[in-house]
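A.B. asks: Below is a structure I'd like to ask you about.
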Amino acid sequence: MSVKKGNPIVDLYAWQLSKEIHKGNISCHEVMEAFLDRIDEVNPRVNAIVALRERDELLKEAKLKDDSLGNGKSDGWMHGFPQAIKDLEDTRGIRSTNGYLGDAERIPDSDSLLVINMKKAGAIIIGKTNTPEWGFGSQTYNEVYGATGNPYNPALTCGGSSGGGACAAALNMQAVVDGSDFMGSLRNPAGYCNIFGYRPSWGRVPAISEDLFYSNCSTRGAMGRTLPDLVLLLSTLSGYDVRAPFSLADDDLAALIPDNVCEKLQKDIKGLKIAWMGDLGGYLPMEEGVLKVCEKALKKFSEDAGVVVEHVNPFFNPVEFWEKVWLPIRHFSASSLKPLYNDPNKRKLLKPEAVFEYESSLKYSAADLYRAGVARSEFYAATLKIFEKYDFIASPTAQVFPFDKTTHWPKEIGGKKMDSYFRWMEVVSHWTMTGCPVVAVPAGFSEDNCPMGLQIVGKPRKDFELLQFAYGYEKVHKEIINRKPML
């Protein structure tokens, strides 16, 4: 297979690329050249990959991977894969800015656990993928690198906070990408870029941070153009780690390899039931067309795969959830910004949304947080009741279609004013608080070619069952999934 600009190497799915490398049909050097050429071709239009390393260095590393294979040694299924990492993760020797001007020249001397595990699987780290400052916001822009555009229209946002990765995957600049999710940061960009995103069960992907016990909302995860790719990366990132006290064992993900992943994902899903939450009985404002796109996708899924979709009204009070559960816990997570906020020189470099988060955290007492935890526990119990009747819960990945990337966040939806920079993403907040696994799948497009996604929530710790269900969805919706970006 010869390599040239526009070469089909970059069109291969990750599981296919791995097999071709290990069969000797493609060299790691050829793979690196192909992906770097693709980045040179399209990245200037969208600004998805940042802090890109020098080509000569990367080609030398790829050659070493070839030498290793020639000696009969493979590091793993990602052997020779060019990987850019979300810029909230530390990467040894590569700028890791968090999208924050105060860290614009920060170069860590060690890798995060996620990066360590990807390197163990054979990946070559080529740079970073763009993200909003400290991951705050479902719109990828910052003062270090600027905004990232949408693969279907570079003038629009790709979502966030894992927006750079989602855009890179959609445009074949990477075969598979990592990300993280607190308030939809793996779900919203996947939906906006017409790919798959996965927020795993709490503990499925271990992480080491300053706080190992209270940080139970954000989680690392994976994105890809197809479910098998996403699942392979998830298997690489997953597993018990003694340094992460709530981490889970590998279970069904442990033995997955490119040769068997598609077969393992096969399952008869006929008769399984989805509780469609939509706009929560009219509570959530939605841009015209969002529900139509999602419901059309679910209708076809039901007809072709034999699944049952039933509209379900809210089983909780969404106003009380937002005020008593979401806001206290969300703002509490911003307490980590205290050292930056307390330093006047560093505070002035923070974007207004980050300042808002930290200042809002000061409103709540320990008693408030305890009551929020109790209310959250009640919501979880109510969710379990829904799962007694239904196998999955579904809703849109966002309340609006992709918008202008120069707009920081939508100020209103359907005439309803948004009272904060994250209010327009209220639709994803509920499932974060359950700790349940959630997969984002492509739902379709608006009349002006803007992508939208569906989020499907699985039962607690039933990750593999959810992924098998999503694979059934993928097989039904090949036409949507194969709709290529314009670049």
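Computed from the coordinates by the stated procedures, all read-outs in this text should not be read as laboratory data. Note that the structure is predicted; figures quoted are calculated from it, not measured. So basically every Cβ, Gly included, is an ideal-geometry build from the backbone, and we count neighbours across all protein chains shown.
A.B. asks: Name the long-range amide H neighbours of LYS86: under 5 Å, sequence gap of 5 or more, or other chain; modelled H, no Pro or chain starts.
C.D. replies: Hits under the 5 Å cutoff: THR129, ASP178.
A.B. asks: What size of dipole, in debye to the nearest 20, comes out for the range 112-258 about its Cα centre when the only charges are +1 on Lys and Arg C-beta atoms and -1 on Asp and Glu C-beta atoms?
C.D. replies: 240 debye
A.B. asks: So for the range 241-320, if I pair up every lysine 8 or more residues apart or on another chain, how many of those pairs have alpha-carbons under 16 Å apart?
C.D. replies: 5
A.B. asks: Sorted by packing (mean other beta-carbon atoms within 10 Å per residue), highest first, where do 290-299, 32-41, 173-182 land?
C.D. replies: So the order, starting with the most tightly packed, is 173-182, 32-41, 290-299.
A.B. asks: Only helical DSSP H runs with n ≥ 4 go in: add -39500 (n - 2.57) per run for the chain, normalise by residue count and round the 222 nm mean residue ellipticity to 500 deg cm²/dmol.
C.D. replies: Details: 17 runs with 173 residues, N = 487.
Result for the chain: -10500 deg cm²/dmol, rounded to the nearest 500.
A.B. asks: May I ask for log10 I(q)/I(0) of the range 8-481 at q = 0.07, 0.13 Å⁻¹, from a Debye sum over the Cα atoms as equal point scatterers with solvent left out?
C.D. replies: After summing over all Cα pairs, the log10 values are -0.32, -1.21.
A.B. asks: Which of the cysteines found in the chain have nothing to pair with, since no other Cys Cβ lies under 4.7 Å from theirs?
C.D. replies: By the Cβ distance rule, which asks for a partner under 4.7 Å, the isolated cysteines are CYS28, CYS193, CYS217, CYS262, CYS294, CYS436, CYS450.
A.B. asks: Relative contact order of the chain, please, whole-number percent, based on alpha carbon pairs below 8 angstrom and at least 6 residues apart.
C.D. replies: Numbers: 1082 pairs, mean separation 79.2, N = 487.
Computed over the chain, the figure is 16 percent.
A.B. asks: Using amide H atoms built 1.01 Å from N in the peptide plane, name the residues 5+ places from TRP276, or on other chains, whose amide H lies under 5 Å from its own.
C.D. replies: Those lying under 5 Å, H to H, from TRP276 are GLU310, HIS311, VAL312, ALA394.
A.B. asks: Going by amide H atoms built from the backbone, whose H comes under 5 Å of the H on ILE124, apart from near neighbours?
C.D. replies: Close amide H contacts, sequence-distant or interchain: GLY80, PHE81, GLN83.
A.B. asks: Just need the relative contact order of the range 1-109 here, percent rounded to a whole number, with Cα pairs under 8 Å and 6+ apart. Don't skip to the answer; put the middle values down first.
C.D. replies: Details: 104 pairs, mean separation 24.3, N = 109.
With pairs under 8 Å counted, the relative contact order is 22 percent.
A.B. asks: Can you say what percent of the DSSP beta bridges in the chain, counting only those with both residues inside, are antiparallel? Round to 5.
C.D. replies: 70 percent
A.B. asks: Next up: So what J values fall out for the range 247-259 if you push phi through Karplus, 6.51 cos²θ - 1.76 cosθ + 1.60 with θ = phi - 60°, rounded to Hz, Gly and Pro as x?
C.D. replies: 6, 10, 5, 5, 6, 5, 7, 5, 9, 7, 9, x, 6
A.B. asks: What shape does the range 332-433 take by its C-alpha gyration tensor, where a ≥ b ≥ c are the square roots of the eigenvalues and a/c under 1.5 counts as rounded, a/b above b/c as prolate, and the rest as oblate? Walk me through the numbers on the way to the answer.
C.D. replies: Working: a/c = 2.77, a/b = 1.29, b/c = 2.15.
It comes out oblate by the Cα gyration axes.
A.B. asks: Could you work out how far apart the two model spin labels at LEU384 and THR406 are, taking each label as a point 7 Å from the Cα in the direction of the beta carbon, and quote it in nm?
C.D. replies: If labels sit at LEU384 and THR406, their model points lie 5.2 nm apart.
A.B. asks: Leaving out same-chain residues fewer than 8 places away, which lysines sit with a Cα under 16 Å from that of LYS86?
C.D. replies: Answer for LYS86, where 16 Å is the Cα cut-off: LYS119, LYS128, listed by chain and number.
A.B. asks: Now for a separate question. With θ taken as phi - 60° and the coefficients 6.51, -1.76 and 1.60, list the Karplus ³J(HN,Hα) couplings across the range 202-219 in order, rounded to whole Hz; mark glycine and proline as x.
C.D. replies: Going residue by residue, I get 3, x, 4, 10, x, 9, 10, 9, 4, 10, 8, 10, 9, 7, 10, 10, 7, 8 Hz, with x marking Gly and Pro.
A.B. asks: Using packing as a proxy for protection, rank 260-273, 235-248, 419-432 so that the peptide with the highest average count of other Cβ atoms within 10 Å comes first. Don't skip to the answer; put the middle values down first.
C.D. replies: Values: 260-273: 14.7, 235-248: 17.1, 419-432: 21.6.
The densest-packed peptide leads the list: 419-432, 235-248, 260-273.
A.B. asks: Quick one: 3J(HN,Hα) in Hz for the range 232-237, Karplus 6.51/-1.76/1.60 with θ = phi - 60°, rounded, Gly and Pro as x.
C.D. replies: For the range 232-237, the Karplus curve yields 5, 5, 4, 5, 5, 7 Hz.
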